[in-house]
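Before any comments, here is the structure.
The values are calculated or read from the model by the stated rules, or taken from the named source; none is laboratory data. Computed from a predicted model, the values in this text were never measured in an experiment. All Cβ positions, glycine included, derive from the backbone under ideal geometry; neighbour counts span all protein chains shown. Note: accessible area is taken over every heavy atom of the protein model, side chains too, but ligands, DNA and RNA are not part of it. Shrake-Rupley method; radii C 1.70, N 1.55, O 1.52, S 1.80 Å.
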Amino acid sequence: MPFRLAALLPAVLLMGAAAAADINVPVLVPVTGVFSLEGGAQRNGAILAMRRAPKSVRVTGEVYDTAVAPDVGVQAFERAISKDKPISVVASMIGIQLLAMLPIGQEAKVPMLTTSGTARITEMNNPWIFRFFPADPLAKEVHVRYVVDELKKKRVALVYQTTAYGQSGRAEIVERLKRVNLEPVMQEALELSTRDMSPVIGKIRAANPDVVMLHIHSAPTALFLRAAAQANLGLPIVAGSAIHQPSTAALLEPGELAGVCGEANASPVTGETAEMRAFLKLYRDEFSSEPDGFALGQYDGVMMMLDAVAKGANTPAEVAKALSTNTYKGLAMTYKSDGKGNMAHTGVIICYDGKTRIPKIAKRYENVTGVLPK
């Protein structure tokens, strides 16, 4: 059945008292389909920030469901731009959709705020994209460093998704392993439709690795971890950012998470600081659910944009200039553009103890670029 543009979700009017600036910030994210967990978190983070805009800023944000297909995302983007005349947009975190949206945003000269990890989005000389989540080069640098330097593993089984996100992460992992004279003993690409993980578990056993690295989306991550636990795979598993999501962990029993680690930008549910605990309570009160790093990254990104508006940026070009040049202390980290729109330069490794679905921070990596030496 062909994809079609989902009905627009209700607009949300978000305002501060004595508003001096009126802006539109459409939220274009997948809230239905296979990416709804990620997109829903991104939406919530954006809306939470808008509801707490500075008093001098009045924000109207309408949520457009981009579903799954790239053309649906493009249609939603074009409709939002023509209808809302936005000062900025929250753009889908799903790499294949965002890559299709980028030319539209560049032509319209509107800043795009995202939490996508796909490396390529900031490698296309587009000055209008701003990423508030570790790009794959940074995230996979952290991922590989932990496996090699902390766990001291050498025989890597790599499982990745066939999506743009999966392909991007796989390439970054392989390059970083090569830097330390390693290559995976086994690689397997999974379609999003894959439900039976027993074949890939069998291939992993046959390859005799000493660690499994995952770079797959939320639902497949949960399916893989359940299958690994049921099969008593008995290997350390270091996953991608999907595993830090409470919505992913909720699909598993705590025992199925025992010894599983993953990379992320932050872990809001861990509540490391007073500020993070305040955000956690705020999010729970607003949405009756648990925040993840995607929600937090999008919250920080929108807050940085709103801060720029409150300080006088009143056109898309002025907002883009502020995002390109300013430094902003968010909840997850301090953000500053590297000149390409990569704003995040910190990553963490979280691990589960098998007793709870709340992970602990095992390792923090700060001021990481992810750039490999030539």
Using a 7 Å offset from Cα along Cα-Cβ at residue 124, what residues in segment 166-191 end up with backbone N under 15 Å from the label point?
168
Report the accessible area of residue 149, computed with a 1.4 Å probe over the heavy atoms of all protein chains in place, in Å² rounded to the nearest 10.
80
Can you tell me the Rg and the Dmax, both Å, for the Cα atoms in segment 92-225?
16.2, 52
Can you give me the C-alpha center-to-center distance between segment 144-169 and segment 302-334, rounded to a whole angstrom?
33
Potential lengthening between residue 22 and residue 205 on full extension [0.36 nm per residue; Cα-Cα distance subtracted]:
60.0 nm
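Quick one: grab the alpha carbon gyration tensor of segment 127-175, order the square roots of its eigenvalues as a ≥ b ≥ c, and give me rounded if a/c is under 1.5, else prolate or oblate depending on whether a/b is larger than b/c. Walk me through the intermediate numbers first.
Details: a/c = 3.36, a/b = 1.59, b/c = 2.11.
Judged from the Cα gyration tensor, segment 127-175 comes out oblate (a/c at least 1.5, b/c at or above a/b).
Just list whichever of 109/321; 109/340; 152/336; 203/360; 55/329 have alpha carbons separated by over 22 Å in the model shown.
Numbers: 109/321 12 Å; 109/340 16 Å; 152/336 32 Å; 203/360 30 Å; 55/329 19 Å.
Listed pairs above 22 Å: 152/336; 203/360.
Go ahead and run the numbers for FRET between residue 358 and residue 321, Cβ-Cβ distance against an R0 of 35 Å, rounding to 0.05. Can you show the working numbers first?
Numbers: r = 40 Å, r/R0 = 1.14.
So, using R0 = 35 Å, E works out to roughly 0.30.
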Step through the residues of segment 232-240 one at a time and calculate ³J(HN,Hα) from phi using the Karplus curve (6.51 cos²θ - 1.76 cosθ + 1.60, θ = phi - 60°), rounding each to whole Hz and writing x for Gly and Pro.
6, 4, x, 10, x, 10, 10, 9, x
Tell me, rounded to the nearest percent, the portion of alpha carbon pairs in segment 247-374 spaced more than 24 Å apart.
38
Estimated inter-spin distance, residue 232 and residue 288, nm [label 7 Å along Cα→Cβ]:
4.2
Would you calculate a helix-derived [θ] at 222 nm for the chain, using -39,500 (n - 2.57) for each DSSP H run of n ≥ 4 and dividing by the full residue count, to the nearest 500?
-12000 deg cm²/dmol
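I need the GluC sites (Glu not before Pro) found in segment 161-242, filtered to DSSP loop residues with at most 14 other beta carbons within 10 Å of theirs. Walk me through the numbers before you get to the answer.
On the way: sites: 172, 175, 188, 191; in loops: 191.
Here the sparse-neighbourhood loop sites are 191.
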Take the alpha carbon gyration tensor of segment 160-237, find the square roots of its eigenvalues, order them as a ≥ b ≥ c, and report rounded if a/c is under 1.5; if not, report prolate when a/b exceeds b/c, else oblate.
oblate
Please compute the Cα-Cα pair-distance distribution of segment 74-159 with 5 Å bins starting at 0, giving whole percents from short to long.
3, 14, 23, 19, 12, 9, 8, 6, 4, 3, 1
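Full extension from residue 195 to residue 314: what is 0.36 nm times the residue separation minus their Cα-Cα distance, to one decimal in nm?
Working: separation 119, 0.36 × 119 = 42.84 nm, distance 4.81 nm.
Result: 38.0 nm gained on full extension.
Counting only protein chains, not ligands or nucleic acids, how are 334, 114 ordered by accessible area (probe 1.4 Å), most first? Spell out each step's value before the answer.
Details: 334 70, 114 0 Å².
The ordering from most to least exposed comes out as 334, 114.
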Carbon and sulfur atoms: what percent of the 1.4 Å accessible area of the chain do they account for?
52
Degrees, to the nearest 10: 293-310 long Cα axis against longest axis of the chain
20
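How would 38, 286 rank on accessible area, largest to smallest, probe 1.4 Å? Each step should come with its number before you reach the end.
Values: 38 10, 286 65 Å².
Greatest to least solvent exposure: 286, 38.
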Can you give the convex hull volume of the alpha carbon atoms of segment 306-350 per residue, in Å³?
79
Report, to the nearest 10°, how far helix 136-145 tilts away from the longest principal axis of the Cα atoms in the chain, using its own Cα long axis and a range of 0 to 90°.
30
Per residue value of the accessible surface for the chain (all protein chains in place, 1.4 Å probe), Å²:
40
Through the Karplus equation 6.51 cos²θ - 1.76 cosθ + 1.60, θ set to phi - 60°, convert the phi angles of segment 51-62 into ³J(HN,Hα) values in whole Hz; use x for Gly and Pro.
5, 10, 5, x, 4, 8, 10, 10, 10, 10, x, 10
For segment 218-225, in residue order, the Karplus 3J(HN,Hα) values (coefficients 6.51, -1.76, 1.60; θ = phi - 60°; whole Hz; Gly and Pro = x) are 4, 4, x, 4, 4, 4, 5, 5
Cα long-axis angle, helix 198-207 against the chain (0 to 90 degrees, to the nearest 10):
60
